[in-house]
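Asks: Before I ask anything, here is the structure I am working with.
No value in this document is a laboratory result; all are computed from the given coordinates. On a predicted model such as this, the values are computed, not experimentally measured, just so you know. Cβ atoms come from the backbone with ideal geometry, glycine included; neighbour counts cover every protein chain shown.
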Amino acid sequence: LHQLIGDHKSSISSYQKAMDILMPWIVEAGDVSPVPNLLSIATRRVSSCVAEKEWKVLKDDIQTVASVRDIIDQLKEMCNNQFDLGLNTLIFEIEQYQNGFVSSVKSQVNTDTLVNILQNYPEVNIDEDDA
């Protein structure tokens with residue numbers, strides 16, 4: 001709702017609150033089922049980050065989305081040992097949301113700005129393997 005009325009700061013804040021709820025669920029509980037929701041939030045927040053030039057937040061989201069590759073790899077390894085339709089569906093959903101985030105960033109942030117963002121916020125670290 002905040003995004004629709006152009007209140008991008010509140011939108012960023014609301015999405016952050018949602019992410020703050022999901023992250024412990026994923027990290028501490030080891031439950032990866034909310035990962036598609038996390039990626040969806042990151043994707044929806046791109047336009048507000050661009051509008052407000054909240055580059056640190058955007059870089060943090062880029063790092064989060066990039067790090068999901070490890071989760072996908074782990075899930076695929078589990079699928080090698082057994083066929084599980086639910087697991088395959090989760091992998092598909094995660095990959096689709098990850099691709100959606102990448103498309104959103106590419107469509108809203110020019111290459112020079114993106115390079116600048118990635119270089120100017122060293123407190124948010126992106127592993128080369130995840131980039």
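Asks: Of Pro34, Leu114, Val50, which is farthest along the charge dipole of the chain in the positive direction, counting Lys and Arg as +1 and Asp and Glu as -1 at C-beta?
Replies: So the residue furthest toward the plus end is Val50.
Asks: Could you check the spin-label model distance between Thr111 and Ser13? Points 7 Å from the Cα along Cα→Cβ, value in nm.
Replies: Taking the simple label geometry, Thr111 and Ser13 are separated by 3.8 nm.
Asks: DSSP loop trypsin sites (Lys or Arg not before Pro) in region 16-121 with at most 14 other Cβ atoms within 10 Å of their Cβ, which ones? Each step should come with its number before you reach the end.
Replies: Numbers: sites: Lys17, Arg44, Arg45, Lys53, Lys56, Lys59, Arg69, Lys76, Lys106; in loops: Lys53.
Qualifying residues, ordered by number: Lys53.
Asks: May I ask you to list the lysines whose Cα is less than 30 Å away from that of Lys56, ignoring any residue fewer than eight positions away on the same chain?
Replies: Lys9, Lys17, Lys106
Asks: Could you pull out the longest piece of the chain with no exposed loop GluC sites (Glu not before Pro) in it, calling a site exposed if DSSP puts it outside H, G, I, E, B and it has at most 11 other Cβ atoms within 10 Å? Display every interim value, and only then the final one.
Replies: On the way: sites that count: Glu28, Glu123, Glu128.
Of all site-free stretches, the longest is 29-122.
Asks: Can you compute the charge dipole magnitude of the chain about its Cα centre, using +1 on each Lys and Arg Cβ and -1 on each Asp and Glu Cβ, nothing else charged? Give it in debye, rounded to the nearest 20. Walk me through the intermediate numbers first.
Replies: Details: 10 positive and 20 negative charges, 121 e Å.
I would put it at about 580 debye.
Asks: Next question, about the same structure. Kyte-Doolittle cut-off -0.5, length cut-off 24 Å along the helix's own axis using Cα: show which whole DSSP H helices in the chain pass.
Replies: On the way: long enough: 8-27 (27 Å, 0.11); 35-52 (25 Å, 0.56); 55-81 (41 Å, -0.38); 85-108 (34 Å, 0.03).
Helices passing the filter in the chain: 8-27, 35-52, 55-81, 85-108.
Asks: Shifting gears a bit: Of the chymotrypsin sites (Phe, Trp or Tyr not before Pro) in region 38-120, which ones lie in a loop per DSSP and count no more than 14 other C-beta atoms within 10 Å? Spell out each step's value before the answer.
Replies: Details: sites: Trp55, Phe83, Phe92, Tyr97, Phe101; in loops: Phe83.
Here the chymotrypsin sites (Phe, Trp or Tyr not before Pro) that fit, given the DSSP loop and packing criteria, are Phe83.
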